[in-house]
Amino acid sequence: KESGAKEQPNNTAGITAKELRIATQPIPAYAPIFVAKKQGWLEDKLKQAGVTVKWSSFDAGPPMNESFAAGQQDIGFLGDSAAIIPKAAGQDTRIVGLCAAAPQGLAIVVPKDSKIASAKDLKGKKVAVVKGSFAHHLLVLVLKNNGLTVDDIQFLNLSQADSATALAKGDIDAAAIWEPLITRLEDQGTAKVLVDGTGIKKGLLVIVATNNFAVKNPEIVKEFLLAYQRGSEFIKSNPQEAAKLIADEVKISPEQLVKILPKFDYSPVLHDDDIQELKLGEEFMRNAGIIKSPVDINAFIDSSYLKAAGIQ
Amino acid sequence: MPQKEQSLRAAGMRLQLRPRSLSIVNSLQKVKLMKSVQFVILPVLLLVIWQLLFEIGIIKPVTMPPPTKVARSFLELAGNGQLLKHIGVSILRVLEGFGLAALTGIVLGIGIGLSKVLDRLTDLLIQVVKPIPPIAWIPLAILWFGIGEPSKIYIIFLGAFFPILINVLDGIRQTDSKFIELSRVLEVSKGKFIRQVVIPGALPAVMTGLRVGLGVAWMCVVAAELIAATQGIGYLINDARQLSQPDVVLVGMITIGVIGKVMDDLLKRLETRLIVWKTTYAGD
Amino acid sequence: MPQKEQSLRAAGMRLQLRPRSLSIVNSLQKVKLMKSVQFVILPVLLLVIWQLLFEIGIIKPVTMPPPTKVARSFLELAGNGQLLKHIGVSILRVLEGFGLAALTGIVLGIGIGLSKVLDRLTDLLIQVVKPIPPIAWIPLAILWFGIGEPSKIYIIFLGAFFPILINVLDGIRQTDSKFIELSRVLEVSKGKFIRQVVIPGALPAVMTGLRVGLGVAWMCVVAAELIAATQGIGYLINDARQLSQPDVVLVGMITIGVIGKVMDDLLKRLETRLIVWKTTYAGD
Amino acid sequence: MSGTFGGGNLTIQGINKRFTSRAGTVSVLENIDLDIHSGEFVSIVGSSGCGKSTLLRVIAGLEEDYEGVVVLGQQPISKPGLDRGIVFQEHRLLPWLTVQGNIAFGLKDGSKTEKDKMVQEHIDLVGLTGFEKAYPHQLSGGMAQRVAIARALINRPEVLLLDEPFGALDALTKIQMQQEILRIWETERTTMILVTHDIDEAVYLGDRIVVMSNRPGTVKRIVPVELPRPRDRSSYEFVQIRKLIFKEFFTETDKPFVYAI
Amino acid sequence: MSGTFGGGNLTIQGINKRFTSRAGTVSVLENIDLDIHSGEFVSIVGSSGCGKSTLLRVIAGLEEDYEGVVVLGQQPISKPGLDRGIVFQEHRLLPWLTVQGNIAFGLKDGSKTEKDKMVQEHIDLVGLTGFEKAYPHQLSGGMAQRVAIARALINRPEVLLLDEPFGALDALTKIQMQQEILRIWETERTTMILVTHDIDEAVYLGDRIVVMSNRPGTVKRIVPVELPRPRDRSSYEFVQIRKLIFKEFFTETDKPFVYAI
Ligand SMILES: Nc1ncnc2c1ncn2[C@@H]1O[C@H](COP(=O)(O)OP(=O)(O)OP(=O)(O)O)[C@@H](O)[C@H]1O
Ligand SMILES: Nc1ncnc2c1ncn2[C@@H]1O[C@H](COP(=O)(O)OP(=O)(O)OP(=O)(O)O)[C@@H](O)[C@H]1O
Ligand SMILES: [Mg+2]
Ligand SMILES: [Mg+2]
């Protein structure tokens, strides 16, 4: 405490906030930040600057966005689509880094004993997906690759949880979902993967900060990215330990987590192909009428914080 | 008693009344106008304040669009026929779910209200199932009825059923014991007793139940249309929420509100039709 | 008239009654037992059928777990104190939201019920806002009150407020015009009129409103706890739903049901305490 | 309809009735013994609150918790029945039924036209022609009471219990109704038990007059009226009986005062 | 309380009152003119349904839609007020208030003990000592009516409108209540308007007796009773007036019949 008070003047350059408010969802895609949370890294670092950390957990994108809009969050994690939608609606945010890429963390699944063998068989079938999610994009891409469009299937806008139930009961023929539901359904023996994002969609998830916060607190954002990076490395080197550490945060057993974590490439670095992928996502949503006004992805992304943190 | 003087005075009173009654006609029109103004003043005021807050920048458009934007969205949705389509689908669902709930609620309510055995048989189940919210039923509804219409109807039904049942029961339990004695003395048949004593006596409560039930049914549309819907006013709201379109969310909310009010008015009118024997208080 | 003979006969009647009344005591116990059985027979039967359907494989455990599994989950959650913690949090929220709704609903209901001006001023707004479901309010609630307790309380409040308000209004509007005349004749003060005529007359309706409102408040807990909650019985359900744990969903549902029933019973008891002057029908 | 059972004597034996409320227990009826033979006309008088209505309710089978027995014919009474009609002290009209509907309320089987005819006859009988479609709240107090009388009469019960049925009627209507009741009594041989505050009425109608005492209600005295019918209200014997009843009545009070009859 | 305004004469002038229902319009009161001077005791008799209660309601200010004027003192009446008390034909007790509560209901200002004392006095006055805490459903018909009388009396209104207040009372209680009303009338000089079916009562109490005709209700005749008080009900003059009223009454009916008085 004493030293913290002493050091404060040095840091005030990039810190004006007294609090860092982090919005998360309890899914393994954000595992590094849960490692950091469990280890208390961020708290330790920011305590010196007199900044406290407040964690909020949401079970879906929309309430998280609403919370951002209400000015109650500073930094959060979202799928690429879920980040672009509010941006198009006027949300004052920027992407400060990537949280993960996981082509395998995104898949179209069918019931275990389904006769559907390839994506072509989806024609005329009932397929559930969360509208506007990156799984929605995957579905469209898979269909396109097989010479189909959304009009060739029965499109159902269904939440992840309800898709699981509907699959188990056989009410739908397929669902486009993401982790951890894919592994859970596979383990339950309810469903199998028909096709995942490999080579089709990278399944990007991004770190978003509000412009106001990012501009006034570059130091905090930097520390945040560093902590994330540290978590990411921890997972790479100690997957078993990491799984045990964050199991209760994401509500998945360590055994399942060990299977899921390798599907994710946890690196905050934004490569050019990632940016290209985001642009494709934006284009898709514009064409599908999911967003009404275009989003300039180049302007949306701000890599300066990564650079400042020395993460490449 | 100077009788003549008195009657003259009284006649004078009557004469004096005439000019007053003329001015009454005038002021009646004024009163009527004032009344209409009173009906809309508060909502209009709120709209104006809302718009003003937006104009001076206190409300940000991304989170709470101004009335003008909501109005534009409304016109757009109404213009391309989308809104009407959603409304039609939702009304149909509400009517189906509510109709089912009204039927079973009234029949079961009368049965349980009249038979203590039935009451005891069903009491625990009703009491425990009643407080479970429609949203919590969605997983089971999907399980039992799939993701098609039936599960939506079921959610709406559940929501409307209990208010109706409880009000019917309360109405029956409040049957005046004096009329029960009368019916026992006259050995009135069970059927006649139900038709001519219990039901008319419970009618005000039943109508209240129907009105509350219809309200809840409307509410449950949103919950029900969370289930894999591709149409309906609840779907419109859910969809808009997913796509961060608060203006469309507001259009949906207001639409639900207006239709709910119209439905309630219809039920109220039915009520005054049915209950002609009452002389009650309407405030002053 | 052979008076003596008659009185003897009558005395005989009385004597004959004795043994019968003894057997009545016996059969009263039997009746009591049968009544208790009736209370539980239906729920028990349902549980047995449910378990049987599972045993013979018609219900798949992954989607609809058997009662035994639900019971195990219940014991587990109850054992580690989790359930109690969630219950405590939710009850507190319900009490806060419901308390607020009861207060404002009764006060506003009396105000609007008594004043036609207030009625006209608020009518349109109430009518249109009333049918909007609590879930639809969630986006705005987050916006206005954040993701903390206030927005949850607001959702619960909204759900409970309208049933209470409407029932209070109905109760007041059903004040017997005879008592209004009486109060006018006696020039009873407005305050006394409200306290001694309107409120006691509306009390049964108010109590119904409170009971319905409490039920809806309980329902809204699930909706309210969709908002970034980390505790509460609604959170438990939502969470279990996300994690495909239907047994925990069922534990949550049944818990809500049982607590809802207990709360309703408390209100019912309050009702019989408050309304001592009534002689009504309880079915036969 | 009834009357076929004829000879159904009414035996009231050792009736004790208490009411328990928060304030404590009040004994309302004590040791009431009364034998009323079939077709008899009995008047009951007694001061306000002495238990007359309660006694009628016991006979009607509406009270559950009392000591003693009431036997009609061979049958002990345990519940209400069509063999015993009652006109309650208040009219008890169903507010949602018209005059017609209220009178038809207790009517059993029979074709629609037959029923309608009977209802109309009874509406005429109580002088409410033209008010068939009126609702109770559109009637005057006396009119409502007459509807209640018609409703009780229409079933022609074996025993008719009348609880101050003419209390709200003007002198003329009252006399007309008394005549009607007498006519029905004579033609149908109905057993009539009439509670009244009008001693003149009690003497004019009753074969016997039961005078009840107050708190607890007991049978204080039974006065036979052995006058031929139609009775002359100004005859010496009539006036004598009237005086007798008044005397019985007035010794009841703690602070007796003079009243010239 | 009141009485200070004294000399408030009551002028009823050209009252016409119709009721419109689905069945059509009925004229209930036609051209009622009546001057009642302050402190006068007027009895009103008339057959059932002739409009007596309606007339009282007009005077009380409870009817809105009628022709004509009622003036009390200098003030035309347009709404109810404490200067005119009324005992309704039915008791109208609030079911959720005890006897005490119902009587205190109309009581204005004053300290708690003062009020309690007044309430207790009036409970005693109507002979209901011991029933202070009883609820209306625990009272007999006559007891309920006495509570209603006490409630109207306790405010000592300038004008007291009594709609068959003693209808449900036994002969003795009725006479006691009549004495009480007379006593209050004499000490307070209240203007009394009493609707009654008991012609004896009308003559015993009234300074004048208004006989109303039926359908539509008009003032048929006003009979002055110029007998000193306390009146002797068996005096020659008393019986003469009684006979006169009866005659007025009976010529009213279409099918007159003989009634020996
Ligand atoms: N609200 C109403 N609507 C329609 N008609 C009414 C209404 N109130 C009273 N009447 C009619 O007005 C007439 C007079 O009624 P009112 O109560 O004044 O009679 P009354 O002289 O008091 O009779 P009673 O002695 O039986 O009490 C009756 O014919 C009655 O049907
Ligand atoms: N439900 C009840 N609970 C308690 N006491 C009651 C109840 N019903 C009647 N009583 C009491 O019983 C007594 C007799 O009542 P009842 O109605 O039989 O009198 P009544 O002789 O008919 O009087 P009235 O001539 O005034 O109608 C009264 O003192 C009354 O207070
Ligand atoms: Mg009685
Ligand atoms: Mg009257």
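The values are calculated or read from the model by the stated rules, or taken from the named source; none is laboratory data. Predicted model only: the values in this text are computed from it and were never measured. Here the Cβ positions follow ideal geometry from the backbone for every residue, glycine too, while neighbour counts run over all protein chains shown. We work out accessible area using only protein heavy atoms, side chains counted, and drop any ligands, DNA or RNA first. Shrake-Rupley method; radii C 1.70, N 1.55, O 1.52, S 1.80 Å.
Relative contact order for chain E: what percent, with Cα pairs under 8 Å and sequence separation of 6 or more?
The value is 25 percent.
Could you name the aspartates and glutamates in cross-link range of A:LYS45, using Cα to Cα under 13 Å and dropping any fewer than eight places away on the same chain?
A:GLU7, A:GLU19, A:GLU219, A:GLU223
Net charge near A:GLU249, counting Lys/Arg +1 and Asp/Glu -1 over other residues with Cβ under 13 Å of its Cβ?
Once positives and negatives cancel, what remains is +2.
Kindly provide the helix-only [θ] at 222 nm of chain B, computed as the sum of -39,500 (n - 2.57) over DSSP H runs of four or more divided by all residues, to the nearest 500 deg cm²/dmol?
-28000 deg cm²/dmol
Which whole-Hz ³J(HN,Hα) couplings does region C:210-225 yield from phi under the Karplus relation 6.51 cos²θ - 1.76 cosθ + 1.60, θ = phi - 60°, glycine and proline marked x?
5, 5, 4, x, 5, x, 5, 4, 4, 4, 6, 4, 4, 4, 5, 7
How far, in degrees from 0 to 90, does helix A:160-169 lean away from the longest principal axis of the Cα atoms of chain A, to the nearest 10?
30 degrees
On average, how many beta carbons from a partner chain sit within 10 Å of the beta carbon of a residue in B:172-183?
Mean shielding count: 6.
Using only alpha carbons, build the gyration tensor for chain B and give me the equivalent ellipsoid semi-axes, biggest first, whole Å.
Equivalent ellipsoid semi-axes, largest first: 43, 38, 13 Å.
Relative contact order, percent, of chain A when contacts are C-alpha pairs under 8 Å separated by at least 6 residues?
29 percent
If the viscosity is 0.890 mPa s and the temperature 25 °C, what translational diffusion coefficient in µm²/s does Stokes-Einstein give for region B:127-284 when Rh comes from Kirkwood over Cα pairs?
Approximately 135 µm²/s, per Stokes-Einstein.
Can you sort B:ASP264, A:ASP152 by 1.4 Å-probe accessible area, starting with the largest?
Output order, biggest surface exposure first: A:ASP152, B:ASP264.
Please work out the Cα center distance from region E:17-72 to region C:252-276, rounded to the nearest Å.
Result: 51 Å between the Cα centres.
Whole-Hz ³J(HN,Hα) for each residue in region B:235-251, computed from phi via Karplus 6.51 cos²θ - 1.76 cosθ + 1.60 with θ = phi - 60°, x for glycine and proline: what do you get?
4, 4, 5, 4, 4, 5, 5, 5, 9, 6, 10, x, 5, 6, 4, 5, 4
For region D:10-249, just list the percent of Cα-Cα distances falling in each 10 Å bin from zero outward, please.
Spelled out bin by bin, region D:10-249 gives 7, 31, 35, 21, 5, 0 percent.
When Lys and Arg each count +1 and Asp and Glu each count -1, what net charge do the other residues less than 9 Å away from C:GLN242, Cβ to Cβ, add up to?
Result for the local shell: 0.
For A:LEU78, list long-range residues whose amide hydrogen, built 1.01 Å from N in the peptide plane, is under 5 Å from its own amide hydrogen.
It is A:VAL206, A:VAL208, by chain and number.
By its C-alpha gyration tensor, with a ≥ b ≥ c as the square roots of the eigenvalues, how is region A:163-312 shaped: rounded for a/c under 1.5, else prolate for a/b larger than b/c, else oblate?
oblate
Let me make sure I get this right: for region D:113-261, a, b and c are the square roots of the gyration tensor eigenvalues over alpha carbons, sorted descending. Under 1.5 in a/c it's rounded, otherwise prolate if a/b > b/c, else oblate. Which is it?
Cα axes put region D:113-261 in the prolate bin.
How about C:LYS35: which aspartates and glutamates have a C-alpha closer than 18 Å to its C-alpha, ignoring those fewer than 8 places off in the same chain?
Leaving aside aspartates and glutamates fewer than 8 places away in the same chain, those within reach of C:LYS35 are B:ASP119, B:ASP123, C:ASP284.
Hey, can you grab everything whose amide H is under 5 Å from the amide H of A:SER159? Only 5+ residues off in sequence or another chain; H modelled, so Pro and N-termini drop out.
Those lying under 5 Å, H to H, from A:SER159 are B:ALA228.
Looking only at other chains, what is the average number of their beta-carbon atoms within 10 angstrom of each beta-carbon in A:14-24?
So the per-residue partner count for this stretch is 0.
Roughly how many whole Å is it from the C-alpha centroid of region C:150-223 to that of region C:121-139?
So the separation of the two Cα centres works out to 18 Å.
Sequence-distant or interchain residues sharing an amide H contact under 5 Å with D:ALA134, placed H: which?
Hits under the 5 Å cutoff: D:VAL99, D:GLN100.
Return the FRET efficiency for the residue pair E:THR187, B:VAL276: r is the Cβ-Cβ distance, R0 is 41 Å, and the value is rounded to the nearest 0.05.
0.30
Pop out the ³J(HN,Hα) list for region A:273-282 in order, Karplus 6.51 cos²θ - 1.76 cosθ + 1.60 with θ = phi - 60°, rounded to Hz; leave Gly and Pro as x.
Ordered by residue, 3J(HN,Hα) equals 5, 5, 5, 4, 4, 4, 5, 4, x, 4 Hz.
Between region B:75-100 and region C:229-248, how many Å separate their Cα centres?
32 Å
Run the count for region E:10-249, please: Lys pairs, Cα-Cα under 21 angstrom, 8 or more apart or on different chains.
For region E:10-249, the number of qualifying lysine pairs is 15.
To the nearest whole number, what is the average tally of beta carbon atoms from other chains within 10 Å of the beta carbons of peptide C:215-223?
That works out to 6 on average.
Take the Cα gyration tensor of region A:80-204, multiply each eigenvalue by 5, square-root it, and list the three semi-axes largest first, rounded to whole angstrom.
Ellipsoid half-lengths, sorted descending, are 25, 16, 14 Å.
Quick one: Debye curve from the alpha-carbon atoms of the protein assembly as shown only, equal weights, vacuum; give me log10 I(q)/I(0) at q = 0.05, 0.06, 0.07, 0.09 Å⁻¹ to two decimals.
At q = 0.05, 0.06, 0.07, 0.09 Å⁻¹ the computed log10 ratios are -0.53, -0.70, -0.86, -1.15.
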